[in-house]
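K.L.:
Below is the structure I would like to discuss, written out as structure tokens.
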């Protein structure tokens, strides 16, 4: 088995930044503020030799922990069969605690992995500093996170959409973006060309989302 | 006279683009000065779709990530779920997974070799490679029923044990008895016998490919010193797998961060020297030979050690049909398994395996529900394609085709 990151060494090095270090599921994860990101990332690369940035993962915490179907208490009429779709809460202007970005780092020389977790700024649009100048591989990963989650990476030289269609509006992986999408393309026989129109399908309830304790 | 730069569009429907890649190339004469890949033409939103499905339903979607190495894409997803559930599959299941991972690696490298050769003008090789791939597809079919999208791995093991019998060809008005007999010569025994027959034949077949290419003057002219990446840049650009090893860095997750039973198996890790297309070709060809050795070791172990291939805990697997008939609890578990699935404890994890193309990782964030809260796939081709601009600058237009070939990209996983 491979060696886990040396939590002690990390704590010593990053003590002055007052960083939270946690071990979960055999992963070492450190949480930092966006203001510290550039400094910490530079330190991790130069002092702890994390040469590779494997992935950048943007997460939208808007509906975290929401369920479609709560079956804790039976009523006099039994359990409800109907599945209520998750109600999207009013979007907070400040995006407080809504978006987080995870960075997966790998050190080839020390055979270690590390996860960096950063909550974005609370401004609209949410933003974090770009790491392109530290790891070149951040370029496309940041473009992807911008395209799909709408997170701005300050200092990125070429922050364009990457995966969605030319002229796409919205950020599809946000939790308030419908899985069906908003637009579909059809062939218009009168105009004799392919045109956009609002989607004609609606969401079907599938398997309801439930949260169960291990001992339920 | 002033020379003006030319902007050229390449793809998205170009046979050398390996799928739906569109390149906007700025050229000075025939030399590339700037290259901008446009991707996303195959974007299906798999990660978003996974959020509305119970965990097991998305295993089949993983096959469609990198559709030329299917089971390797299921593997990290299944590992991620297992890590959050804190379960471990039986050892036989781990050996089966390793064996199929290596079969998949050979399949992937054969496709890569055939298509890369075809792009640069070696037509015959393509036909040879696809001849061998056919046998491996049969191995897939025998175990899962599907030739491509197997959906064979499950959290807690694999769907079923290896079959004792291979499906056989039958004579009809198009195929004579004599021909059928010839086709069925290696299908008399079990699946393991069939795969063993393949592994016995395969090394000489790799020699055959190498006689066509390794010392071929045209092949060398098209690949040597093309797309050179230094070890420092390779790490900076997030390269993994043969792309990183081609640049001379000995890094293989099977060895360095061993998962399943790779630590019990003997194999070597080939490493390149110059980091050009030719070295990466040599690395991949040697990897096929090493995979063949791993498969042979797995066959030996699997023959000697029968046993369960799935954990017994009914929380994560459907109970056996006959226990359902007389056991109330099994019936309940069966119902819950297929209507609701299992809930995965809160937490996040990142699991990666050595996919034929590089590090294929799955980041899974669960809030305790029966569906993933966020699933993110780390596709090796995505990072590799991002470097195409840097690798092609200063090369001729024809070399871009060599570089696309050497990247070994598949759009199923780049666009997801």
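Read-outs throughout are calculated quantities, based only on the coordinates presented, and are distinct from any laboratory measurement. This structure is a prediction, so every number in the text was calculated from the model and none was measured. FYI the Cβ positions are ideal-geometry reconstructions off the backbone, even for glycines, and counts take in every protein chain you see.
K.L.:
Nearest 10 degrees, 0 to 90: what angle lies between the long axis of helix B:397-407 and the longest principal axis of chain B (Cα atoms)?
P.N.:
Approximately 20 degrees, to the nearest ten.
K.L.:
Roughly how many whole Å is it from the C-alpha centroid of the stretch B:330-369 to that of the stretch B:48-104?
P.N.:
9
K.L.:
Taking 41 Å as R0, compute the FRET efficiency from the Cβ-Cβ separation of residue B:91 and residue B:127 and round it to 0.05.
P.N.:
On the way: r = 39 Å, r/R0 = 0.96.
Using R0 = 41 Å, I get an efficiency of 0.55.
K.L.:
Moving on to the next point. Considering the Cα trace of the stretch A:103-200, what is its radius of gyration and what is Dmax, both in angstroms?
P.N.:
Values for the stretch A:103-200 (Cα only, Rg and Dmax): 18.0, 64 Å.
K.L.:
Same structure again: What does the C-alpha gyration tensor say about the overall shape of the stretch B:55-355? Classify as rounded when a/c is under 1.5, otherwise prolate if a/b is larger than b/c, or oblate.
P.N.:
On the way: a/c = 2.27, a/b = 1.34, b/c = 1.69.
Oblate shape, in that a/c is at least 1.5 and b/c is the bigger or equal ratio.
K.L.:
How high is the relative contact order of chain B, given as a whole-number percent (alpha carbon pairs under 8 Å, six or more residues apart)?
P.N.:
26
K.L.:
Could I ask something else about it? Kindly express, to the nearest 10 degrees and within the range 0 to 90, the angle between helix B:191-213's C-alpha long axis and the longest C-alpha principal axis of chain B.
P.N.:
Compared with the principal axis, the helix lies near 0 degrees.
K.L.:
Most exposed first by the Cβ proxy, i.e. fewest other Cβ within 10 Å, how do B:48, B:376, B:336 rank?
P.N.:
Taking fewest neighbouring Cβ atoms as first place, the list is B:336, B:48, B:376.
K.L.:
Please give the calculated 222 nm ellipticity per residue for chain B, where each DSSP H segment of at least 4 residues contributes -39500 (n - 2.57) and the sum is spread over every residue; nearest 500 deg cm²/dmol? Walk me through the numbers before you get to the answer.
P.N.:
Details: 18 runs with 204 residues, N = 416.
Result for chain B: -15000 deg cm²/dmol, rounded to the nearest 500.
K.L.:
Okay, moving on. State the Cα centre-to-centre distance between the stretch B:106-127 and the stretch B:149-190 in whole Å.
P.N.:
26
K.L.:
Among B:51, B:132, B:329, which one shows the biggest mean-square fluctuation in a GNM of chain B, springs joining Cα atoms closer than 10 Å?
P.N.:
Fluctuation is largest for B:329.
K.L.:
Relative to the longest principal Cα axis of chain B, at what angle does helix B:91-120 sit, 0 to 90 degrees, rounded to 10?
P.N.:
Its long axis makes an angle of about 20 degrees.
K.L.:
Using a Gaussian network model on chain B with a 10 Å cutoff between Cα atoms, which of B:171, B:386, B:139 fluctuates the most?
P.N.:
Its mean-square fluctuation being the largest, the pick is B:171.
K.L.:
Next up: Using the basic label-point model (7 angstrom from Cα toward the beta carbon), what is the residue B:329 to residue A:202 distance in nanometres?
P.N.:
4.3
K.L.:
State, to one decimal in nm, how far the label point of residue B:160 lies from the label point of residue B:315, with both points 7 Å from Cα in the Cβ direction.
P.N.:
2.8
K.L.:
Mind giving me the nanometre distance, one decimal, between the label points for residue B:322 and residue B:269, set 7 Å out from Cα along Cα→Cβ?
P.N.:
That separation, rounded to one decimal, is 4.6 nm.
K.L.:
Rounded if a/c is under 1.5, else prolate if a/b is larger than b/c, else oblate: which is the protein assembly as shown, with a ≥ b ≥ c the root eigenvalues of its Cα gyration tensor?
P.N.:
Details: a/c = 1.41, a/b = 1.05, b/c = 1.34.
Cα axes put the protein assembly as shown in the rounded bin.
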